[in-house]
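Worksheet for the structure shown next.
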Amino acid sequence: MSNILRRELPMTLAAAIVLILFTDYYFKNDILRTTANTLVNWAVVASATAAGVGVLNVLIRTTRNIQKRESYWYLDIWMLIMMVVVAVGGVIGAYGTSILYTWVMQNIYLAIDATIFSMVVFDITAAFYRTFRVRSIDAAILVISAFFVMIYNVPLMGGLFPDSIAIGSWVVNIASVGPTRALTAVTAIGLIGFAIRILLMKDKSIFGGVD
């Protein structure tokens, strides 16, 4: 009985759901469409429930840290305050239109977001230097292309090296389009194969590798 509940039942449910959604995409049928839409709505509800459980878990852990005066507990207080402010501002009126929510996003969130990305860029550059060492022609092409794409995305560099903008634009809009489409097609074929393996109950990786 435990083996059925642990392996067979989840595999059967997953195969049935994949079959319904897979068939609905390629065939027009009112019953299939209604069932597929219901499953999608259930998935949205399940995701929202999981997000709510995650918020409760964060609240409980943060409250414990504050009570025990763990490291940086005062930052946990600030986090709880901002969670309440953003949540209240988000539910006032239409989503994202209240003055409180807009002010927080424009004057606090965006500034912090830009600061974090500005700090991360140095780590990315250092990792780029350590990882992409030129040891072959392919590596040289990759490094040169990445350099021009990086300049293309940095306004300051574009002002200092205006000719590099055209090269970076060519790499992004022309040279990378073909490989990106090929990668998308290969990924789609792989996902279809993965869905078929689930339908045939040959793949157990979605259940954590249950035997």
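Each reported figure results from applying straightforward, stated rules to the coordinates on display, with no laboratory input. Because the structure is predicted, anything quoted here is derived from the model rather than measured. As a convention, Cβ positions derive from the backbone with ideal geometry for all residues, glycine included, and neighbour counts pool all protein chains shown.
Summing Cβ point charges (Lys, Arg +1; Asp, Glu -1) relative to the Cα centre of the stretch 1-75 gives a dipole of roughly 400 debye.
Positive end of the dipole of the chain (Cβ unit charges, origin at the Cα centre): among 53, 200, 190, the Cα lying farthest that way belongs to 200.
Residue 128 to residue 108: extension gain in nm, 0.36 nm per residue of separation minus the Cα-Cα distance? Don't skip to the end; give the middle numbers.
Working: separation 20, 0.36 × 20 = 7.20 nm, distance 3.00 nm.
Taking residue 128 through residue 108 to full extension adds about 4.2 nm, to one decimal.
Each listed q (0.10, 0.14, 0.16, 0.20 Å⁻¹) maps to a log10 I(q)/I(0) for the stretch 66-154 from the Debye sum over equal C-alpha point scatterers, namely -0.53, -0.75, -0.81, -0.96. FRET efficiency for the pair residue 174 and residue 138, taken as 1/(1 + (r/R0)^6) with r the Cβ-Cβ distance and R0 = 22 Å, rounds to 0.70.
Given only helices, namely DSSP H runs of n ≥ 4 each adding -39500 (n - 2.57), what is the per-residue ellipticity at 222 nm of the chain, to the nearest 500 deg cm²/dmol? Kindly include the intermediate steps, with their values, before the conclusion.
Numbers: 9 runs with 159 residues, N = 211.
One gets -25500 deg cm²/dmol as the mean residue ellipticity at 222 nm.
Placing one equal scatterer on every Cα of the chain and applying the Debye formula, the log10 ratio I(q)/I(0) at q = 0.08, 0.10, 0.14 Å⁻¹ is -0.61, -0.96, -1.19.
Which FRET efficiency value, to the nearest 0.05, is calculated for residue 23 and residue 50 with the Förster distance at 35 angstrom and r the Cβ-Cβ distance?
Working: r = 27 Å, r/R0 = 0.76.
E between residue 23 and residue 50, to the nearest 0.05, is 0.85.
Taking +1 at the Cβ of each Lys and Arg and -1 at the Cβ of each Asp and Glu, which of 63, 82, 97 sits farthest along the dipole of the stretch 54-170 towards its positive end, judged by Cα position relative to the Cα centre? So the residue furthest toward the plus end is 63. Rounded to the nearest 20, the size of the Cβ-charge dipole of the chain about its Cα centre is 500 debye, with Lys and Arg at +1 and Asp and Glu at -1.
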